[in-house]
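The values are calculated or read from the model by the stated rules, or taken from the named source; none is laboratory data. Everything numeric here is computed off the predicted structure, so don't read it as measured data. Here the Cβ is made from the backbone with ideal geometry for all residues, glycine too, and neighbour counts use every protein chain on show. Only protein heavy atoms, including side chains, enter the accessible area calculation; ligands, DNA and RNA are left aside. Shrake-Rupley method; radii C 1.70, N 1.55, O 1.52, S 1.80 Å.
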Amino acid sequence: MTDIDQLFAELRTRTIAEVRPPSVDTVHRIVRRRRAVRNAVAGTVLLALGGTGLLLLPGEPEPDAPDPRAGYGTIAAATVKLDVATPRLGALVTDLGDGTWQHRLELIGATYRTTLTCVGAGEITAVLTPAGGDPSRVVVPCTAEPLETMIDVVLGGDLGTLTTEVVPDDVAAESAAFAYTTALSTADQDRLGKLAGGVVGGLTTPAFVLGDTTPAIEQRLTGAAYQATAACAGTGSATFTVVATGADNTETVLGQTRVTCSPAPKPVTVTVTYPAGATALALRLAPEADAYGQAVGVVGYRPT
């Protein structure tokens with residue numbers, strides 16, 4: 001009989017109808033044998049983990065495994081091209097938890113394409129509801145290799161709210177991360193771009209959605225006066241900056257002004273003198289928060 005079997009036998013013997021306190025010798029013997037059992041178990045753990053460099057002392061809990069959902073979130077954000085630092089038209093959630101997660105966006109009336117992904121295990125149900133419109137529902141699987149699920153929603157009126165609700169199943173609630181982005185449809189980008197481009201003359205850039213980057217006209221010009229013009233169709237406002245770049249990549253701000261974006265855009269013009277020795281003229285239209293992804297701009301220039 002092993003020490004463990006003998007210990008359990010003694011414990012069974014002690015559970016009798018008449019409960020008697022043990023003698024001092026019995027207590028000492030049981031304590032010694034329990035210590036021997038704990039030492040034997042600890043020795044078995046060390047033997048099983050031999051060569052790993054991990055030492056588990058008796059009574060110490062095993063270290064918790066790191067939560068993989070932070071890594072899942074990084075993958076999910078990259079999949080839908082979400083800027084985690086400034087997630088203006090989307091969101092990232094690494095702990096869905098129980099119940100319903102909800103996010104609202106104030107948007108210009110247009111058609112939007114929402115791209116969703118879920119990384120991990122289980123599945124989520126996403127419900128997109130435009131203000132005054134019917135909800136659209138889609139089930140998004142949570143997978144190790146991220147998949148993109150897209151859904152188009154029409155938001156009526158000039159401005160409105162688009163509400164996104166996400167309900168995870170029991171598995172996804174504890175084992176998945178979710179990300180989504182919302183963007184103007186291609187048709188609405190083209191429509192707003194034509195409105196903005198129609199009021200900007202001269203050499204112009206293609207229409208672009210106002211976001212983190214804006215185009216630059218990289219062309220060497222002669223030292224002369226120019227009119228730089230910008231317009232944006234949509235909502236919100238933006239800052240129009242005209243910059244000359246030197247041969248050593250230094251930048252000189254030639255002019256700057258504010259542009260209001262609207263469904264009936266009006267051009268804003270800055271007259272500048274192009275410095276001798278400059279290598280490029282950069283025309284930048286940087287959106288404020290209320291115009292980010294909500295307006296389409298065009299910039300251009302012409303000699304005076």
Derived scalar couplings ³J(HN,Hα) [region 136-149; Karplus, 6.51 cos²θ - 1.76 cosθ + 1.60; whole Hz; x for Gly, Pro]: 10, 10, 8, 9, 10, x, 9, 10, 5, 8, x, 10, 9, 10
Heavy-atom SASA rank of Asp83, Asp212 (probe 1.4 Å, accessible area, largest first): Asp212, Asp83
Dipole magnitude of region 182-304, debye to nearest 20 (Cβ charges: Lys/Arg +1, Asp/Glu -1, about Cα centre): 380
Gain on full stretching of the segment that runs from Arg137 to Lys194 - 0.36 nm per residue minus C-alpha separation: 17.3 nm
Whole-Hz ³J(HN,Hα) from phi, Karplus 6.51 cos²θ - 1.76 cosθ + 1.60, for region 151-163, glycine and proline x: 9, 9, 9, 9, 10, x, x, 6, 9, x, 10, 10, 9
Distance between region 79-153 and region 228-304 - C-alpha centres, whole angstrom: 33
Calculated P(r) of region 112-152 - Cα pairs past 16 Å, %: 35
Carbon plus sulfur fraction of accessible area for region 76-215, probe 1.4 Å, in percent: 51
Dipole axis of region 84-229 (+1 Lys, Arg; -1 Asp, Glu on Cβ), positive-most option in Pro168, Gly122, Ala179: Ala179
Counted charge near Pro265, where neighbours are those whose Cβ lies closer than 14 Å (Asp, Glu -1; Lys, Arg +1): +4
Rounded to whole Hz, the Karplus (6.51, -1.76, 1.60) HN-Hα couplings of region 287-296, x for glycine and proline: x, 6, 4, 6, 10, 4, x, 10, 8, 10
Residues with amide H under 5 Å from that of Ala110, placed H, sequence gap 5 or more: Leu155
Dipole magnitude (debye, nearest 20) for region 109-216, charges at Cβ of Lys, Arg, Asp, Glu: 540
Sequence-distant residues sharing a close amide H with Cys142 (under 5 Å, placed H): Gly122, Glu123, Ile124
